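The values are calculated or read from the model by the stated rules, or taken from the named source; none is laboratory data. Because the structure is predicted, anything quoted here is derived from the model rather than measured. Heads up, the Cβs are rebuilt from the backbone with ideal geometry, glycines too, and the neighbour counts pull from every protein chain shown.
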């Protein structure tokens, strides 16, 4: 109110004419200035501790990283074993799905001697098919063995050994055999086998 009266007095003394809009703008500017001054002069909030003699701390000891060392070692060993087993299963699956293994099983099913010893429906023996040894056609090295079974319930061991100097040449088969009940059969003498 006092500020408004001073404004009117100044305007009357100077003889200036002030429109209602200019006077309204002056009042608005005065209100904003007053609010800014009030906000600036307000003190900042301070954090007040109940007991200044006691510092702020956590009433609990930090965990010792060396504690339960045996549990950490067993956990790491278990993790390593799980990763190794997963990789072994993955690589073995690639071997079982190889065209070389598929061709081997196809030739074994057509072999009269093998079907006579093992029966029909020759397939991998065991719950999980497993191919042992090295199967690397890119490097030209094959040295594998795997177990098969037929309708007669017997189990046989198939062994295939072959190699080649480069990828432009065919594989040279050194051994292609099946063993059933200590009876070794050379399949190369029975049927020709070609590794692609």
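Taking first residues from region 143-154 that are part of a strand (DSSP E or B) and partners that are at pLDDT below 90 and surrounded by 18 or more Cβ atoms within 10 Å (Cβ to Cβ), no Cβ contact under 6 Å between residues at least 6 apart in sequence or on separate chains turns up. For residue 169, the conditions (1) outside any strand (DSSP E or B); (2) in contact with a strand residue (DSSP E or B) (Cβ under 7 Å, 6 or more places away or on another chain) all hold with the exception of (2). The condition (being in contact (Cβ under 8 Å) with a residue 40 or more places away in the chain, in contact with a helix residue (DSSP H, G or I) (Cβ under 6 Å, 6 or more places away or on another chain) and outside any strand (DSSP E or B)) is satisfied by just one residue among 108, 135, 117: 108. Just to be sure I understand the filter: pairs with C-beta atoms under 7 Å, separated by 6 or more residues or on different chains, first member in region 85-97 and under 11 Å from residue 132 (Cα atoms), second member surrounded by 11 or more Cβ atoms within 10 Å (Cβ to Cβ). Which pairs pass? Going by the 7 Å Cβ cut-off, the qualifying pairs are 92/130; 92/131; 95/101; 95/131; 95/135; 96/129; 96/131.
Residues that are under 29 Å from residue 86 (Cβ atoms) and surrounded by 15 or more Cβ atoms within 10 Å (Cβ to Cβ) within region 134-154 comprise 135, 137, 140, 141, 142, 143, 144, 145, 146, 147, 148, 149, listed in sequence order.
Being within 27 Å of the chain's Cα centre (by Cα) and surrounded by 12 or more Cβ atoms within 10 Å (Cβ to Cβ), is that true of even one residue in region 97-117? For region 97-117, residues within 27 Å of the chain's Cα centre (by Cα) and surrounded by 12 or more Cβ atoms within 10 Å (Cβ to Cβ): present.
Residue check: residue 153 meets all listed conditions (1) at pLDDT below 90; (2) within 23 Å of residue 112 (Cβ to Cβ); (3) in contact with a strand residue (DSSP E or B) (Cβ under 9 Å, 6 or more places away or on another chain) but one, namely (3). When region 169-182 is filtered for residues that are modelled with pLDDT under 90 and farther than 18 Å from residue 100 by Cβ, the ones remaining, listed by number, are 181, 182.
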